[in-house]
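First the structure, in the form of structure tokens, and then the observations on it.
The values are calculated or read from the model by the stated rules, or taken from the named source; none is laboratory data. Worth saying up front: this structure is predicted, and the values here are computed from it rather than measured. Methodologically, a virtual Cβ is constructed for each residue, glycine included, from the backbone with ideal geometry; neighbour enumeration extends over all protein chains shown.
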Amino acid sequence: MVDHILDRPIWGSLTTRHACFAEGNGAARRFQADISRFAAMDEDDSDGMAALGALIASTGQIAVTQLSPVDCPARARQVHGFLVHQMLHRTTGGGVEDPELIRLGPADAEEMLALAILTKPGPFAIRTHMLGEYWGIRAGGKLVAMAGERLKLPGFTEISGVATHPDHRGRGHAGRLCRHVMARIAGRGETAFLHVETAKPAVEEYYAKLGFVTRQTLHVHLFEPA
């Protein structure tokens, strides 16, 4: 039994604030493929596993992120598995809106995807920007840094897609963007959260300096059709 909606954040998003982007049935759902490969089950029981396996077989590769580990469903194989720390923003304030940042949208989608492919901030697709607000910094007319919102649950919004072109790192772009997104989330009365691979302690330390604290460890599984 899930004790908190953040224990199964993808399911929480797909069944509440992002239900409009969901595919699947009542036991397992995923985001539309051109938005995200994230998927989830309501429960880790036989019905949920069967529904997840059918979803993988019919729609292709998916990623599951939740508190409890997931066995590989029938008709699928695991491509990769790792752990992430789920971090919540606990401090009061810590964010500030920056009027000089650029609000990104459909016209920027190809540049956003190219930046994500180059920097690998996590799963990103051509319509990921539809999940929430994304903001960016341009230099010489080119998008060189971005950050935005991904999973949305009642009272919570995830910060994701934090990326800076290698040629423009060390200039404070990531912190500037994150503080802006944090301020926007707090301004709506919500709590910001994010996920960091446990194998990247330096990244976790960076977010700790922004006021995030580690809440728990989640399992990430990448499955594809067998």
Which count do you get for residues in the stretch 113-126 that are part of a helix (DSSP H, G or I) and either modelled with pLDDT under 95 or of a type in the set (Ser, Thr, Tyr) (or both)? 1
Within the stretch 152-180, of all residues that are out of contact with any helix residue (DSSP H, G or I) (no Cβ under 9 Å at 6 or more places or on another chain) and part of a helix (DSSP H, G or I), the one farthest from Gln86 (Cα to Cα) is Asp167
Determine whether Gly155 is modelled with pLDDT of 95 or more and at positive phi. yes
Can you report the number of residues in the stretch 1-43 which are over 19 Å from Ile159 (Cβ atoms), surrounded by fewer than 16 Cβ atoms within 10 Å (Cβ to Cβ) and at pLDDT below 95? 6
Go through Ala183, Ala192 for me and flag whichever is in a helix (DSSP H, G or I) and either closer than 23 Å to Arg8 by Cβ or in contact (Cβ under 8 Å) with a residue 60 or more places away in the chain (or both). Ala183
Would you call His180 of a type outside the set (A, V, I, L, M, F, W, C) and in contact with a His (Cβ under 9 Å, 6 or more places away or on another chain)? no
Are there any pairs, at least 6 apart or on different chains, whose C-beta atoms fall under 8 Å, with the first in the stretch 16-36 and outside the structural domain of Glu110 (by TED's automatic domain parsing) and among the polar types (S, T, N, Q) and the second surrounded by fewer than 14 Cβ atoms within 10 Å (Cβ to Cβ) and part of a loop (DSSP other than H, G, I, E, B), and if so, which? Thr16/Pro154
Residues being more than 13 Å from the chain's Cα centre (by Cα) and in a loop (DSSP other than H, G, I, E, B) - total across the stretch 4-40: 10
Residue under evaluation Glu43, criteria (1) free of Cβ contacts under 8 Å to residues at least 60 places away in the same chain; (2) of a type in the set (Asp, Glu); (3) part of a loop (DSSP other than H, G, I, E, B); (4) over 18 Å from Pro9 (Cα atoms), criterion not met: (4)
Can you tell me which residue is surrounded by the most Cβ atoms within 10 Å (Cβ to Cβ) among those in the stretch 90-112 that are at pLDDT 95 or above and not hydrophobic (A, V, I, L, M, F, W, C)? Asp108
Can you spot a residue in the stretch 127-136 that is among the hydrophobic types (A, V, I, L, M, F, W, C) and part of a loop (DSSP other than H, G, I, E, B)? no
I'm told Ala145 meets every condition in (1) surrounded by fewer than 19 Cβ atoms within 10 Å (Cβ to Cβ); (2) in a strand (DSSP E or B); (3) touching a His at 6+ places or on another chain (Cβ under 9 Å) except one. Can you identify the failing condition by its number? (1)
Residues that are among the small types (Gly, Ala, Ser), crowded, with 19+ Cβ neighbours inside 10 Å and over 26 Å from Asp3 (Cβ atoms), drawn from the stretch 170-226: Ala174
